[in-house]
1. On the given criteria, is VAL265 open to solvent by less than 60 Å² (accessible area, probe 1.4 Å), touching a His at 6+ places or on another chain (Cβ under 9 Å) and either within 24 Å of LEU87 (Cα to Cα) or of a type in the set (Val, Ile, Thr) (or both)?
2. Return yes when GLU20 is among the acidic types (Asp, Glu), modelled with pLDDT of 95 or more, over 27 Å from ASN266 (Cβ atoms) and open to solvent by 10 Å² or more (accessible area, probe 1.4 Å) and no when it is not.
3. Which residues, taken from region 274-293, are open to solvent by 30 Å² or more (accessible area, probe 1.4 Å) and either in contact with a Ser or Thr (Cβ under 9 Å, 6 or more places away or on another chain) or in contact (Cβ under 8 Å) with a residue 12 or more places away in the chain (or both)?
4. Take GLU188 and tell me if it is open to solvent by 60 Å² or more (accessible area, probe 1.4 Å), under 17 Å from the mean Cα position of the chain (by Cα) and at pLDDT 95 or above.
5. Regarding region 142-157, can at least one residue be identified that is open to solvent by 10 Å² or more (accessible area, probe 1.4 Å), of a type in the set (S, T, N, Q), touching a residue at least 40 places away in the same chain (Cβ under 8 Å) and in contact with a strand residue (DSSP E or B) (Cβ under 9 Å, 6 or more places away or on another chain)?
6. Provide a single number: the residues in region 105-136 that are touching a Ser or Thr at 6+ places or on another chain (Cβ under 9 Å), exposed (fewer than 14 other Cβ atoms within 10 Å of the Cβ) and not polar (S, T, N, Q).
7. Quick one: is ILE74 closer than 16 Å to CYS14 by Cβ and modelled with pLDDT of 95 or more?
8. Looking at VAL198, is it part of a strand (DSSP E or B) and at pLDDT 95 or above?
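The values are calculated or read from the model by the stated rules, or taken from the named source; none is laboratory data. This structure is a prediction, so every number in the text was calculated from the model and none was measured. Glycine also receives a Cβ, built like all others from the backbone with ideal geometry; neighbour counts cover every protein chain displayed. Side chains are part of the model used for accessible areas, which takes the heavy atoms of the whole protein and leaves out ligands, DNA and RNA. Shrake-Rupley method; radii C 1.70, N 1.55, O 1.52, S 1.80 Å.
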Amino acid sequence: MNGNISILITGDFCPHKRIEKEFLKGNYESIYNGFQKVANGCDLVITNLECPLTLSNNPIKKTGPNLKAHPKTIEGITFAGFNIFALANNHIMDYGEQGLYDTINICQKNNIHYVGVGKNIDEASDPLYLTIKNKKIAIVNFCENEWSIAGKNKAGANPLNPIKNYYQIKAAKEKSDFVLVIVHGGHEQYEFPSPRMVDTYRFFADAGADIIVGHHTHVALGYEIYNNVPIFYSLGNFIFDWEDREKSWYEGYFVKLNINKNSAVNFSLIPYNQCKTAPEIEFIENNDKDIFLNKINEYSEVISNSNLLEKNWQ
């Protein structure tokens, strides 16, 4: 028996606008264009759900849009094979505690694991532990401090706090064989992580993370291997329908991970366009795929050179 564990991780998923309409019609196949074949057979299929699934009409006061999707879109999401939602992000509380609890209830009813949120800060900061093929996997999820952060007596998301996150990761490492850290942070529409983010993510690797994956920037960033730990600074949008955005909004990549019995990791990047013209995913193939991956490699070379990264940041 193959003891390897396969994990597929996608970027930001917000099933609203045209996607919501197609999901409610049951037009799942046309949206995914074969994505479920990539997901099929993977032990874990993870996405960052970028909005609550709720019928609430009571948005919180904030800057930026209040995002939500109809609860029935869960049928379209699960059609693709997703079984874990990372929920620590800056939109999960856009419709308050009601929106969050509606989303949690939908996850529980549909056998979807979730991580990064809770009825208070203690619950929100709990890692998700799963045992797969006799290996214990821990997933730690947190987000930058915007409008969604949990408190002592307040529901919400696990905050990005490097000191506290260090101890969360360290504790998860002591209780598991493999730690996946998912971070919702960075600078929107900027193609590089800031030097601060690079330092912070490497710090998480030093704390015991075996893989680190970033979300939130809405553009695909580069990656690096730091002390044998793959760090993907942002995967871009998975499905996030929004008109009149820069080209980078519509591009992204999945990461497919293969973990062997010794916890060594191999990975591949699978690029695609999303919602560029039609409400669908379209895999990038042939020469266009080479162009996209070369761009990601160029971004990655900048990340590996602190002087170049600082110059771009300035």
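1. Working: open to solvent by less than 60 Å² (accessible area, probe 1.4 Å): yes; touching a His at 6+ places or on another chain (Cβ under 9 Å): no; either within 24 Å of LEU87 (Cα to Cα) or of a type in the set (Val, Ile, Thr) (or both): yes.
Taking the combined requirement at face value, the residue does not satisfy it.
2. Numbers: among the acidic types (Asp, Glu): yes; modelled with pLDDT of 95 or more: yes; over 27 Å from ASN266 (Cβ atoms): yes; open to solvent by 10 Å² or more (accessible area, probe 1.4 Å): yes.
It is true that GLU20 is among the acidic types (Asp, Glu), modelled with pLDDT of 95 or more, over 27 Å from ASN266 (Cβ atoms) and open to solvent by 10 Å² or more (accessible area, probe 1.4 Å).
3. LYS276, ALA278, PRO279, GLU280, GLU282, PHE283, LYS289, LEU293
4. Details: open to solvent by 60 Å² or more (accessible area, probe 1.4 Å): yes; under 17 Å from the mean Cα position of the chain (by Cα): yes; at pLDDT 95 or above: yes.
The answer is yes for GLU188.
5. Within region 142-157, not a single residue is open to solvent by 10 Å² or more (accessible area, probe 1.4 Å), of a type in the set (S, T, N, Q), touching a residue at least 40 places away in the same chain (Cβ under 8 Å) and in contact with a strand residue (DSSP E or B) (Cβ under 9 Å, 6 or more places away or on another chain).
6. 0
7. Criteria met by ILE74.
8. No.
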